[in-house]
Each structure stands twice: as structure tokens, then as C-alpha cells.
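Enquirer: Sharing a structure with you now.
The values are calculated or read from the model by the stated rules, or taken from the named source; none is laboratory data. What you see is a predicted model, and the numbers here were worked out from it, not measured in a lab. Cβ sites come from the backbone with ideal geometry, for glycine too, and all protein chains shown count toward neighbours. Note: accessible area is taken over every heavy atom of the protein model, side chains too, but ligands, DNA and RNA are not part of it. Shrake-Rupley method; radii C 1.70, N 1.55, O 1.52, S 1.80 Å.
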Amino acid sequence: DAICNFVICNDSSLRSQPIIFNPDFFVEKLRHEKPEVFTELVVSNITRLIDLPGAELAQLMGEEDPKLPGANSSASGFFRSLMSLKRKEKGVVFGSPLTEEGIAQVSQLIEYLHKNLRAEGLFRVPGNSIRQQILKDALNSGTDIDLDSGEFHSNDVATLLKMFLGELPEPLLTHKHFHAHLKIADLTLFDEKGNKTSTPDKERQIEALQLLFLILPAPNRSLLKLLLDLLYQTAKKQDKNKMSAHNLALMFAPHILWPRNVTANDLQENITKLNNGVTFMIKHSQKLFKAPAYIRECARLHYLGSRAHTSKDDLDLLTSPSSKELQPLKSQKRSRLDTCHQEETQQRTEEALKELFRHVHNMPDSAKKKKLIRQFNKHPTALTPGSDVPTSPAPRRTRSRSFSGLIKRKVLGTPVILERKSRDATPEPERVSKENVHLLQKCGSPAHMSQAKLKSLEGRKEESCRRMRAHLLSKDSSSL
């Protein structure tokens with residue numbers, strides 16, 4: 001998944017240091033420098049996965065105020081009033097909007113709990129209220145706390161962490177994302193006929209959560225990552241603490257996902273979806289904070305000056321199945337040179353064979369000529385090595401059963417045209433087998449035959465002509 005293959009460092013003092021590369025570098029750069037472009041890119045892919053009507057999409061984009069369950073309910077209830085009063089008592093850390101300074105203070109609690117995950121009933125068993133108040137005041141004042149001194153119990157710290165999340169003005173996943181998370185819970189697989197099943201589509205759910213987490217405010221995303229990682233490690237030790245991922249989701253769903261000032265009655269239809277959604281986040285927390293590969297590629301292309309694509313589908317259209325098997329540029333050049341060399345060698349071989357065929361046909365009748373033709377007839381379907389597939393389709397003709405017939409048709413043509421073609425352009429070379437190449441090397445072509453052999457052939461031809469003329473003259477004189 002890495003974007004870059006190497007890093008050039010000109011500072012000799014830093015070359016010995018390990019290089020830390022962030023594969024989401026271009027993603028974070030685009031998020032901070034061009035937030036509108038980044039949000040449009042991410043939201044366009046979210047709507048590809050889940051169906052968001054116009055109002056819900058406008059709420060996700062922040063263009064409209066979110067319409068939350070229980071907002072218009074007349075039955076406010078005691079619990080809703082109590083929670084509202086708690087949030088009016090704002091401190092430096094508790095009850096204030098989430099900031100990086102607040103996260104720095106709360107991260108002390110998370111770091112301590114990572115060392116004490118074996119306590120039975122962690123996050124479920126309440127701690128001591130007096131010790132919790134002392135710890136809360138210390139965090140609000142910004143003083144350093146020595147949690148390892150033994151003054152505080154792990155249940156005190158766990159309860160205080162839940163209290164901090166519960167007093168935030170809005171849930172950690174924000175009100176704008178509430179409807180989108182309900183739709184993610186409905187992502188299920190399809191059967192062979194295209195009908196929905198009850199089996200969750202985990203891959204699409206993970207992809208949708210990755211996209212939603214990308215457009216969270218930076219403090220919310222940072223704290224969410226710390227929290228889900230803590231809950232993931234807690235669930236891994238459930239044999240000691242008796243807290244499974246589902247049990248932890250029941251404890252934290254109201255703080256992570258539930259809208260503020262709502263009760264369980266307001267969420268009767270959706271409470272199971274929300275709890276299961278938080279359970280899913282805990283189990284797959286190690287995958288949810290990585291940007292999808294196509295988002296990384298779009299961000300990289302944006303800064304490299306290439307045309308940036310707006311969705312995963314655009315990249316799929318341009319990505320061929322064999323793109324991962326492409327050779328480096330040098331290998332491609334080398335293969336092209338090897339191919340050209342093979343073609344030149346094959347062409348020279350075929351030209352030499354063609355000259356040999358023409359020479360054998362022009363030879364006077366003799367035992368040697370008959371022997372060569374018999375050797376040709378032994379391989380009527382021979383092909384030149386490396387030419388199994390012809391480069392251009394030729395018209396179908398009635399094939400000769402003998403190799404000599406193939407020579408006459410392809411190389412020599414008809415006897416009438418033979419003499420005319422001997423002076424014109426060379427006909428297309430016929431493809432022959434390895435045995436015929438060996439025959440060529442054994443017999444040689446006219447260009448490589450010795451002068452003695454040529455003179456011998458010419459002498460035999462002249463001698464046959466002289467005898468024919470003498471025979472005709474004697475025949476004419478006898479008739480006279």
C-alpha cells in the first residue's frame with residue numbers, strides 16, 4: 001500500500017536514522033490544505049456505499065441541523081433533564097468541547113488502563129466516588145497525576161473515563177454522522193439472485209466506517225482511535241476481566257454514538273443496531289483508521305499534477321487486471337530488442353530456405369534432385385521455428401499433399417509465371433521445420449555454394465543441351 005518506493009536524504013547526519021513513512025501522507029495533506037475538496041471526495045464514495053436521502057446527506061455535510069430521535073418528544077423525563085444539567089457545569093476538561101489539550105489530559109487515563117486490563121468487571125464495576133472527584137479536579141486543573149502511586153484503583157479510572165465521554169457536548173461520532181451509522185448497520189450481502197440476505201457485508205461496513213472516520217473532526221478522530229484501541233485490548237483479555245466486545249459496547253455506545261439528551265425509549269427501534277455497530281467497531285478497530293487505497297491514490301494524484309479521480313469506480317475502470325504484472329521500463333526495452341532480433345534472424349533463415357527451394361527446382365533432373373525432393377516430401381506440414389501463428393491471415397486454398405507442391409504454390413508459382421517471377425520481387429518466404437534448416441546448412445544456398453559446384457552444374461546443363469541438339473540433327477539428316 002505504500003505510495004513512494006524510496007526517499008532521498010541529502011543530510012548525511014540523518015541518513016543513519018530510521019525513516020518513518022506515513023502511507024496516508026497525501027490524505028492528511030489534502031485534508032488540511034483543501035478541506036472542501038477532501039470532504040467532497042470522501043462523501044462521494046460514502047454515497048456509493050450507503051443510500052442517504054437529500055436531508056440526511058445535507059446533515060452529514062453540515063448544511064442542515066441534524067434531526068435526531070427524541071428531539072420533538074414532549075416527554076422530556078427526569079433523566080434527560082439531569083443529563084442536561086450535568087453538561088452545564090463546564091470545566092477545563094470535563095463538560096467542555098473536545099480539544100487537543102483535553103485529549104492530552106485524558107490520555108493519561110487510557111495509558112494507565114492499558115496496564116491494568118485484568119481487573120474483573122472493568123468499565124462495569126463503579127469505582128469510589130471520592131477518589132474519582134479528586135482525580136477529576138486534578139485533570140481539570142491541568143496538574144500532573146501519578147496514577148501508578150497506588151492511590152487510585154483501575155475501576156476509579158475506568159469510571160472517570162466514561163464520565164468524561166458522557167459529559168461531552170455531543171457524542172464522539174458527532175450528531176451529523178448518526179443517520180449514516182444506522183445505514184451502515186443495514187449493509188448486508190446479496191444472494192445469487194440479487195436479493196438481500198441477513199448476513200452483514202463486513203467488507204462494505206469496514207470501508208464505509210473508514211470513510212466516515214476520515215471526515216470526523218481531528219480531535220474526535222484522535223480520541224476515538226485511542227478509545228477503540230483500548231476497548232479492543234480489553235476484549236482480548238476477556239478471560240480475565242469478563243468483558244467481551246459486546247459487553248463493552250453496551251457500556252460505551254451511549255457515549256460514542258447515541259445522540260445527547262435521548263433515552264433508551266427514544267431509540268427503541270434502533271438501539272440494537274447502535275449497540276451492534278459499536279461492537280463491530282471494537283472488533284475491527286485495527287482496520288478502521290486506514291484510508292482506503294483509492295482515497296490514497298486520489299490524494300496522491302491530486303498533488304502530482306495528474307487527473308484526480310473522484311471515486312473507487314473511476315480507478316477500477318483505469319486499472320487493468322495485469323497492471324501489477326507490468327515489467328520495469330528496462331525489461332520492456334530489452335524484450336522488444338530480443339523480439340526484433342528474433343524476427344530478423346527468422347527472416348534471413350526463410351530467405352535462405354526460399355533460395356534453396358528455387359535452386360533445387362531449377363536443377364536438371366538427376367538422382368541428387370530426386371533425393372532432395374524426397375526429403376522435402378517427408379515434412380509436408382513443416383513450419384519455421386517460432387512462427388506457429390502466422391502474422392496475417394492468408395486466403396484458404398486447396399493444400400497440396402506433398403511438400404514439393406507447397407514449394408511450387410508458395411515460392412515458384414505456376415510454370416508459366418516461373419520465369420517472369422525469377423526476375424521480380426522475391427516471393428514470401430515459406431516456413432519450414434528444423435530438419436529443413438539442417439538441410440540448408442548441409443546443402444548450402446546458391447550464394448554460399450562453391451564455384452566448383454556451380455561450374456559443374458553449368459557444365460552438365462550445357463552437355464545435356466549439346467547432346468539434345470546432336471540428337472535432333474542426326475534425326476533430321478536420317479529423314480532426309
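Enquirer: Consider only pairs whose beta carbons are under 7 Å apart and that are at least six residues apart or on different chains; among these, list those whose first residue lies in the stretch 362-375 and is exposed (fewer than 14 other Cβ atoms within 10 Å of the Cβ) and whose second residue is modelled with pLDDT under 75 and not aliphatic (A, V, I, L, M).
Expert: P364/R460; P364/K461; P364/S464
Enquirer: Which numbered condition trips up P126, out of (1) assigned to a helix (DSSP H, G or I); (2) touching a helix residue (DSSP H, G or I) at 6+ places or on another chain (Cβ under 7 Å)?
Expert: Every listed condition holds for P126 apart from (1).
Enquirer: Now for a different question. Looking at (1) more than 23 Å from N241 (Cα to Cα); (2) open to solvent by 20 Å² or more (accessible area, probe 1.4 Å), which one does S129 not meet, given that it meets all the others?
Expert: Answer for S129: the failing condition is (1).
Enquirer: OK, next. Out of (1) under 22 Å from the mean Cα position of the chain (by Cα); (2) open to solvent by less than 70 Å² (accessible area, probe 1.4 Å); (3) closer than 28 Å to T188 by Cα; (4) modelled with pLDDT under 90, what's the single condition that is false for P23?
Expert: (3)
Enquirer: Scan the helices (runs of 4 or more DSSP H) fully inside the stretch 218-300 and keep the ones with 1 or more residues being of a type in the set (S, T, Y), within 31 Å of the chain's Cα centre (by Cα) and buried (at least 20 other Cβ atoms within 10 Å of the Cβ).
Expert: Answer list for the stretch 218-300: 271-283.
Enquirer: Right, next: What are the residue pairs meeting all of these: first residue in the stretch 35-60, first residue within 14 Å of I295 (Cβ to Cβ), second residue of a type in the set (F, W, Y) and surrounded by 15 or more Cβ atoms within 10 Å (Cβ to Cβ), Cβ atoms under 9 Å, and 6 or more apart or on different chains?
Expert: Once the first residue is within 14 Å of I295 (Cβ to Cβ) and sits in the stretch 35-60, its partners that are of a type in the set (F, W, Y) and surrounded by 15 or more Cβ atoms within 10 Å (Cβ to Cβ) give N45/Y294.
Enquirer: Taking E100 as the residue in question, decide whether it is surrounded by fewer than 16 Cβ atoms within 10 Å (Cβ to Cβ) and in contact with a helix residue (DSSP H, G or I) (Cβ under 7 Å, 6 or more places away or on another chain).
Expert: yes
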